[in-house]
Structure formats: structure tokens, C-alpha cells
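*Asks:* Take this structure, written in C-alpha cells, and hold onto it; I'll ask about it next.
The values are calculated or read from the model by the stated rules, or taken from the named source; none is laboratory data. All figures in this text were calculated on a predicted structure; none of them were measured in a lab. Cβ sites come from the backbone with ideal geometry, for glycine too, and all protein chains shown count toward neighbours.
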Amino acid sequence: MAQVVGEAGGRTRAARLRLSAAFWRRPWLRAGSLLVPPAGAYILVYVAALAVLFVSAFWTLNTFTGTIEHTWNLDNFRTLWNDHTYWRIAGRTIGLAAAVTFTDILLAFPLAYFMARLAGPRLRTVMFVMVLLPLWSSYLARIYSWRLILSSDGALNWWLSKLGLPDQHLAYTNWAVWIVFSYIWLPFMILPIYAALERIPPSYVEASADLGARGRTTFRRVILPLALPGVVAGSIFTFSLTLGDYITPILVGNTQFIGNVIYRNVLGLSYNLPFAAAYATVPLAVMAIYLILARRAGAFEAL
Amino acid sequence: MTKHHHRVAGWAAAALAVGALAFVAAGCGGSSNKSSSGTTSASNLPTSIGQGEGKLSLVAWEGYTQPQWVKPFEQQTGCQVTSKYAGSSDEMVTLMRQGGSQYDMVSASGDASLRLIQGKNVQAVNPALIPDFKNFIPALKAPPHNTVDGVHYGISLQWGPNTLLYNTSKVTPAPSSWEAIYDPKYKGQITVPDNPIQIADAALYLSKTQPGLGITDPYELTQKQFDAAVSLMKQQRPLLKKYWALASDEIDLFKNGDAAIGASWPYQTNTLKADKVPVKDMIPTEGATGWADTWMLSSKSKHPNCAYQWMKWVSTPKVQAQQAIYFGETPANTKACPIMDSLSPGSCEQYHANAPASYFDSIKFWKTPSADCGNGKTDCIDYSKWQQAWTEIKG
């Protein structure tokens, strides 16, 4: 018995040595075999899912039996192209994503600037915690709290009436959706801008001042261009997150966005997965264009 | 010795593999037999209810699986109930079609039940195993929405009208017509269900206000009638505060003062009244659409005995009365009336449990619109068009 184990042990050791020698002789083999598990997971979970999504967009649903017919056709895309409703919904979604991104840039830049360049280390830590803290609470709880704030008998109107101001009627409008999106995605804008601003060496600012530039000129010609990649990186987050979210419009809005149409086609209306897949290619295409533009702006170096 | 052992082990493994294959094949054959018999004939129906399987998973309307009657059921039968609320018939159909054996039963309304039967998602049941079935009102023993060619695909439960709900302190004088939910006077205070079947409500209103369109059945609409209903709903759209998706959404809207008037179910009225919100509901002069619900058994159910126990339980007069009062609907079981009155005096009359058959006939019950208009013509608008129009109406 012991002999058998010893023999087997010797054999495995020899195999191990041969293997390590092979790895040593061919470094690409070592790197390759290390990369196989993560790359495999990436291809299987991520790329394959996208491929299936894209392929199924060319199938159709038999509405009578509820089964998917695997024959290639462009019916879904034809419906999307010809029906103005879907154009309007896509336009509304892209417009909202742009508005939210723009709002978040305006809100996040001064805050990130203060954190990166003006605040002391302790205040900076406190502000970091404040920015990140909402991310620790449930996203749904935060949206529901906005519902309570904005409703007719809600907190905001209570304050307004205390101050003698007229009531607001924002609940269940696109304005409410815009406010809530801008709020929930704000940390995703602050952090990349902060990272970009913090990376600017103080000597650049000093050099600019030595050359006679005033504060405003320095900001415009030194700080802003160097912070731009951070802004673009943040906008990738806010833009894509807004483009894909469907829960916020359901809870605080009353119009449809791309995500809502997809959701209704998956659960709710008809389980029309091919149609949902076809519509899902719209935000994918928009995002692809956006990322190409962002790459040109150098956003990927700031990530 | 070892060699011999190996050979024995090999043979054993081969035998096991063959056995497993045979088992799988038998399993496949068995299941396909079952599904085909379950949908075409009633010959294989159970003749008695066996031992419960310990679990029961339900897809239900909000308010249909209250602890009040679920707890005693669990104690008596040992079947632990889990339930998932669905907000629309479309959602119910999707859940049953995609859920596989995840869900055992669904409380399907008339606009979902036929779709589930045609899609072979539900199986035939034996009403002889439900003792209270004989006490049901005649109209709900074998109604066309759950009985096809004499085969029962479920046991009727409760029925009721879709009502007009309003806040009594904000809407004065009290409305009497469905016109109120199309009235610019209430702009920004109206809410209606986020459900394509709502087009039928518009059609019902038009059938009375524009007799020229010749609408007789709000679910069987020609292109012209359908277009008129859709255009009415498009005019209504800017007046709306919100399309509500779940009953609890509408309750929130009325509670937070966001909505003052809307299309509703009696359940919302009861819940809001319990919360001291000044609301009232009514059936407008044009009449109302309504629902008649059926507990249906999934064709892939793994807990059929618990499911039969459940059908038996929810048909008993006491549970029928409890649910009728809780939700504000009418029980199928005629024996529920006295118990309703003992639980809440006057409730039998309030929820029409003793109303004559003509009341039942006055409600336009939800059904799935199909191209077949019922008069030999096939130029009606089918449900997939209703769904498309709904996306268009919502914009």
C-alpha cells in the first residue's frame, strides 16, 4: 500500500516538474493559463449574454402561444423604426440621461474641487464619508423617501407652506425623475472628478501664477483641461446608469423610458423577449458612441 | 482479486447507468403523458385528495392571501403557503408561463384564464372534490372563462365591479358618471390602472355617451370603435397624476393627497377607509367592467394535493365571507351571506352577495379580446393590438 502511494507520489512530482518546466520555457503559456479562468468567466457571463441578447433580437414571439419562433427576421426593428412612440421614448431617455449628467457635473465639480484642493485632511475624510454614505443604504429606500418628500402632502410642501410659498406639484412628473436620478447618481460623478483634481500637481498652479495668470485664467487653462477626463469618466457612469434604470421612473414618474418598455416586454405585458432585446440595442448603440467620444476626450486615463 | 473487484464495480456502474436512463425516460414519458391528458380530456382527474405535500406556492391578487384565512389553512393541512402578488392579468400569465413548476396556482381573472387554458399552462380540475361547489351561484359553476367543452380548469372564487373611487373632501359634488376621470376639472388628480384592459373602460363609457359608435361589448371592438376608445384615453393622459401598477400604489396616491379620483377596486376603498382617508366608491351610471376570478392549477404543479385542499378551503362559506369583506367583492358561494352579516352587519347586501342574477349580468366581466367578435366576423381588435396601443397611449 505504502509503496503504491510512494510510486504515485513520485509520478505526480515528476508531472509537476515537467509542467513547471514547460511554464518556465514558455512564459505565454503561464500567462495564458492564469488568464483562462477570469477571461472564460468574462466571455461566458458577459460577452455571451450580450451575444444572445443581440441574436434573439432577430427572433419573434408568437403572441398566441407565447413561444419564441427562431426564424431570422427584422420585424422587431421594423416596428421600432416605424412606430413614433418608440422614437419619442428613446429621445426622452437620452435627453433625461444628458440632463442628469449635466446637473451632476454642475453639482459635483465645486464639491470635488473643495474636497481635493481646499479642505483639510479631516474635513476631507468627513466629506468622503458623507458622499459615500448614501451608497450604503438601499437604493429603493432612497427613491421611496423622495416619493414621500415630493408628494402633495409631503415634506417639501410642508416646508413650503411654513415659508409661505406656493405648493409644488412635482410628484410623478419627469421633473421628479430628473431630481431623483441626479441625487442617486451624484456620488458616481464626485469621485472621478475628485480623483482627477487631486492628481493635478500644485506646482502647475504655482507655475501658472508665476507666469502672471490670474486665478480665473489658471482655472480655465490649467485646472479645467486636466480635470476634464475625470468629468467625462463620471459622465459615463451617470449617463449609462440613467439610460438603463427603470425603477426610478416607475416609482416617482409617470412616463415611459427605454428601461420601462423593456421591463414591460419582459414581465408585465407579453414576455416578448425578442422585442425587448431589439429595443435594448438602442441604449447599447448610444453607449458605444458615447464611449468612443469619451475615449477621444481621454476619459479612460482618468478612470 | 482487485481485478475481479474492478470488473464487478464496472458492471454495477453500467447497471446503475442503465437504470438511471430508464428512470429518466420513464420520468419524461410520464410527464408528457400527464400534460397531454391534463389538457385534452378529463378522464385522468383525481378522485380523492391525497396527503398534502407540505407546500403551496400561489400567484395572487393583492389581498387574496391574507393571514386571516391562510394561517388556519396552514395549521389544518400542513401546507405552507407562499404567495406572489401580481398587478395585472398580463403579469399573471407571464409568471405562470415562465415560472415552470415554481407556482402551483393562480387567481386568474377572466382575461387571463382562457389564455392560460389555451397555452396549456393550467390543468383540468375535478369540482366533485370541492364540497362547496354545489352552493356556488349558477353563473359561476361552469362559466365560459374557466370551463371549456365541459372541462373545468379551476374553481371560481369571487367577483366584483371596477369602481370609481374619489376623495369626498376634494371631489364635490359626488360624481355619478365615468366622465369624471376624463374631466379636465380634475387635471393632475386622476389615477387609472396601468393595464391595457383599461381601454375597455373607455369603450364602456363611449358605448353610452356615443351610441353612434355602436359598441355593444367593450371587449369586442372594431377598428373604428377601438380607435375612438384609444383617442379618448390619449386625451385623458395629460390629466393623469399616475397610472397605478399595484393596488398599494393607488392607496399611496390617495393617502398622500396626490390623487383625488380614479378607477379602482373595492379593496383600495376598504384599506383607505380603515386608514381614515375620506374616500367613497360607486358604480357610475354607465355601469362597470369587472372581474370574476378563478383559482387555477398549474399544469406543472408539484403540490396538487395541497392545491386541492386550498380550493376546498377558499370555497367554504366562512373563508368566502372573510375574503369578500376584506377585499370588498362578491363571493361565489351563496352560503357565505349570513356569515358575512355576522362578521360585519349589512355586508352581504353591501357586496351584493344576495343580489339577483340580473346584477351579475349587468357587469361587463374582463375577458381577453380576440379577433373573433362572436358574431361570425373576425374583424375585431385582438389583445396584442390592445397591448401595443397601451404603450402608445402612455407615450
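*Asks:* Of the conditions (1) more than 18 Å from B:Pro284 (Cα to Cα); (2) away from every other protein chain (no Cβ under 14 Å); (3) surrounded by fewer than 22 Cβ atoms within 10 Å (Cβ to Cβ), B:Thr209 clears all except one; give me its number.
*Replies:* For B:Thr209, the exception is condition (1).
*Asks:* For B:Val18, state whether it is at pLDDT below 60 and either over 26 Å from B:Ala128 (Cβ atoms) or in the same structural domain as B:Gly328 (by TED's automatic domain parsing) (or both).
*Replies:* Taking the combined requirement at face value, the residue satisfies it.
*Asks:* What tally of residues in region A:159-195 results from selecting those that are within 14 Å of chain B (Cβ to nearest Cβ) and crowded, with 20+ Cβ neighbours inside 10 Å?
*Replies:* So the answer is 5.
*Asks:* Scan region B:102-116 for residues that are over 17 Å from B:Leu140 (Cα atoms) and either within 14 Å of chain A (Cβ to nearest Cβ) or assigned to a loop (DSSP other than H, G, I, E, B) (or both) and jot them down.
*Replies:* B:Gln102, B:Tyr103, B:Asp104, B:Arg115, B:Leu116
*Asks:* Can I ask one more? Taking the condition within 14 Å of another protein chain (Cβ to nearest Cβ), free of Cβ contacts under 8 Å to residues at least 40 places away in the same chain and out of contact with any Lys or Arg (no Cβ under 8 Å at 6 or more places or on another chain), does A:Gly32 pass?
*Replies:* On the way: within 14 Å of another protein chain (Cβ to nearest Cβ): no; free of Cβ contacts under 8 Å to residues at least 40 places away in the same chain: yes; out of contact with any Lys or Arg (no Cβ under 8 Å at 6 or more places or on another chain): yes.
It is false that A:Gly32 is within 14 Å of another protein chain (Cβ to nearest Cβ), free of Cβ contacts under 8 Å to residues at least 40 places away in the same chain and out of contact with any Lys or Arg (no Cβ under 8 Å at 6 or more places or on another chain).
*Asks:* Just to be sure before I move on: is B:Gln198 within 14 Å of chain A (Cβ to nearest Cβ) and either surrounded by 18 or more Cβ atoms within 10 Å (Cβ to Cβ) or of a type in the set (Asp, Glu) (or both) in the structure I sent?
*Replies:* Numbers: within 14 Å of chain A (Cβ to nearest Cβ): yes; either surrounded by 18 or more Cβ atoms within 10 Å (Cβ to Cβ) or of a type in the set (Asp, Glu) (or both): yes.
For B:Gln198, the condition - within 14 Å of chain A (Cβ to nearest Cβ) and either surrounded by 18 or more Cβ atoms within 10 Å (Cβ to Cβ) or of a type in the set (Asp, Glu) (or both) - is met.
*Asks:* Now, a different point. Looking at region B:161-190 only, could you name the residues that are of a type in the set (A, V, I, L, M, F, W, C) and surrounded by 15 or more Cβ atoms within 10 Å (Cβ to Cβ)?
*Replies:* Across region B:161-190, the qualifying residues are B:Leu164, B:Leu165, B:Val171, B:Trp178, B:Ala180, B:Ile181, B:Ile190.
*Asks:* So, one more: Closer than 30 Å to B:Arg237 by Cβ, at pLDDT below 90 and within 14 Å of chain B (Cβ to nearest Cβ): is that true of A:Phe275 in this structure?
*Replies:* Numbers: closer than 30 Å to B:Arg237 by Cβ: yes; at pLDDT below 90: yes; within 14 Å of chain B (Cβ to nearest Cβ): yes.
Yes: the conditions hold for A:Phe275.
*Asks:* Restricting the search to region B:121-153, which residues are under 17 Å from the mean Cα position of the chain (by Cα) and among the basic types (Lys, Arg)?
*Replies:* If the condition is that a residue be under 17 Å from the mean Cα position of the chain (by Cα) and among the basic types (Lys, Arg), then B:Lys141 is the only one that fits.
*Asks:* Going through region B:271-282 one residue at a time, which ones are out of contact with any Phe, Trp or Tyr (no Cβ under 7 Å at 6 or more places or on another chain) and surrounded by fewer than 19 Cβ atoms within 10 Å (Cβ to Cβ)?
*Replies:* The first filter runs over region B:271-282 and keeps only residues out of contact with any Phe, Trp or Tyr (no Cβ under 7 Å at 6 or more places or on another chain), leaving B:271, B:273-276, B:278, B:281-282.
B:Lys273, B:Ala274, B:Asp275, B:Lys276, B:Pro278, B:Met282 - these are the residues of region B:271-282 that are out of contact with any Phe, Trp or Tyr (no Cβ under 7 Å at 6 or more places or on another chain) and surrounded by fewer than 19 Cβ atoms within 10 Å (Cβ to Cβ).
*Asks:* So is B:Glu74 within 14 Å of chain A (Cβ to nearest Cβ) and free of Cβ contacts under 8 Å to residues at least 12 places away in the same chain or not? Outline the logic, then answer.
*Replies:* Numbers: within 14 Å of chain A (Cβ to nearest Cβ): no; free of Cβ contacts under 8 Å to residues at least 12 places away in the same chain: yes.
No, not satisfied.
*Asks:* On to the next question. Of the residues B:Gln189, B:Gln198, only one is under 26 Å from the mean Cα position of the chain (by Cα) and in contact (Cβ under 8 Å) with a residue 40 or more places away in the chain; which?
*Replies:* None of the other options fit; the residue is B:Gln198.
*Asks:* Can you tell which of A:Thr125, A:Thr101, A:Thr71 is in contact with a strand residue (DSSP E or B) (Cβ under 8 Å, 6 or more places away or on another chain), more than 14 Å from chain B (Cβ to nearest Cβ) and either touching a residue at least 60 places away in the same chain (Cβ under 8 Å) or of a type outside the set (D, E, K, R) (or both)?
*Replies:* Of the residues listed, the single one that is in contact with a strand residue (DSSP E or B) (Cβ under 8 Å, 6 or more places away or on another chain), more than 14 Å from chain B (Cβ to nearest Cβ) and either touching a residue at least 60 places away in the same chain (Cβ under 8 Å) or of a type outside the set (D, E, K, R) (or both) is A:Thr71.
*Asks:* Give me a count of the residues in region A:189-212 that are assigned to a helix (DSSP H, G or I) and free of Cβ contacts under 8 Å to residues at least 60 places away in the same chain.
*Replies:* 9
*Asks:* Which fully enclosed helices (runs of 4 or more DSSP H) of region B:304-395 have 1 or more residues being within 14 Å of another protein chain (Cβ to nearest Cβ) and either surrounded by 21 or more Cβ atoms within 10 Å (Cβ to Cβ) or in contact with a helix residue (DSSP H, G or I) (Cβ under 9 Å, 6 or more places away or on another chain) (or both)?
*Replies:* Output list reads B:383-394.
*Asks:* Of the residues in region B:247-270, how many are facing chain A (nearest Cβ under 10 Å) and within 19 Å of the chain's Cα centre (by Cα)?
*Replies:* Here the count works out to 1.
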